[in-house]
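Visitor: Have a look at this one before I ask anything.
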Amino acid sequence: MSKFPKIIRRSTIQARLPISTTAIYERIKLGTFPPNIHLGGRAVGWIESEVDAVMQAMISGADHESLEQLVSDLVANRNAT
């Protein structure tokens, strides 16, 4: 197992969660979806485990505040490592 997280691109997210690109970025702005990471140039990606955690919370019926807290915790964990 690699010590580095798997990075996925927007098309992979949209294959799993059929929402528009605008909706993804709006959710990031609202704090209910993990922010992307810059890969260089104009390329961005998302940490797969973070996206999976948020999607699982959505499936479980998490409300807006719970999603905000989850994303906040994920970003804090990302910054701590």
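Visitor: Let me check against my output: what whole-number percent is the relative contact order of the chain, with C-alpha pairs under 8 Å and at least 6 apart?
Guide: 32
Visitor: Just T32, T22, T12 to compare: in a GNM of the chain, with alpha carbon springs under 10 Å, which one fluctuates most?
Guide: So, out of T32, T22, T12, the one fluctuating most is T22.
Visitor: Leaving out ligands and nucleic acids, note down the accessible area per residue over the chain with a 1.4 angstrom probe, in whole Å².
Guide: Numbers: 5320 Å² over 81 residues.
Per residue, the chain has 66 Å² of solvent-accessible surface.
Visitor: Another question about this same structure. Using θ = phi - 60° and the Karplus relation 6.51 cos²θ - 1.76 cosθ + 1.60, list the HN-Hα couplings for segment 64-77 in order, rounded to whole Hz, with x at every Gly or Pro.
Guide: Once rounded to whole Hz, the list reads 4, 5, 5, 5, 4, 5, 4, 5, 4, 5, 4, 5, 4, 5.
Visitor: Tell me which of Q69, G40, A57 sits at the most positive position along the dipole axis of segment 34-81, charges placed on C-beta atoms (Lys, Arg +1; Asp, Glu -1).
Guide: Of the candidates, G40 comes out farthest on the positive side.
Visitor: So who's got an amide H within less than 5 Å of the one on F33, skipping anything under 5 residues away but keeping other chains? H placed 1.01 Å off N, in plane.
Guide: Residues meeting the amide H criterion: I28.
Visitor: Counting only Cα, what are the radius of gyration and maximum Cα-Cα distance Dmax of the chain, in Å?
Guide: For the chain, the Cα-based Rg and Dmax read 12.3, 36 Å.
Visitor: What dipole magnitude, in Debye to the nearest 20, does the chain give about its Cα centre under +1 on Lys/Arg Cβ and -1 on Asp/Glu Cβ?
Guide: That gives the chain a dipole magnitude of about 480 debye.
Visitor: What are the ³J(HN,Hα) values, in whole Hz, obtained from phi via the Karplus relation 6.51 cos²θ - 1.76 cosθ + 1.60 with θ = phi - 60°, for each residue of segment 27-36 in sequence order, with x given for Gly and Pro?
Guide: Per-residue couplings from phi come out as 5, 4, 4, 7, x, 10, 8, x, x, 6 Hz.
Visitor: Turning to a different aspect of this structure: Once phi is turned into ³J(HN,Hα) by the Karplus curve 6.51 cos²θ - 1.76 cosθ + 1.60 with θ = phi - 60°, what whole-Hz value does each residue of segment 4-19 show in order, with x for glycine and proline?
Guide: Whole-Hz 3J(HN,Hα) from phi for segment 4-19: 9, x, 7, 9, 10, 9, 4, 4, 5, 4, 5, 6, 8, 10, x, 10.
The values are calculated or read from the model by the stated rules, or taken from the named source; none is laboratory data. Note that this is a predicted model, so its numbers are computed, not measured. Cβ coordinates were reconstructed from backbone atoms using ideal geometry, including for glycine residues, and neighbour counts include every protein chain displayed. For accessibility, only protein heavy atoms count, side chains too; no ligands or nucleic acids. Shrake-Rupley method; radii C 1.70, N 1.55, O 1.52, S 1.80 Å.
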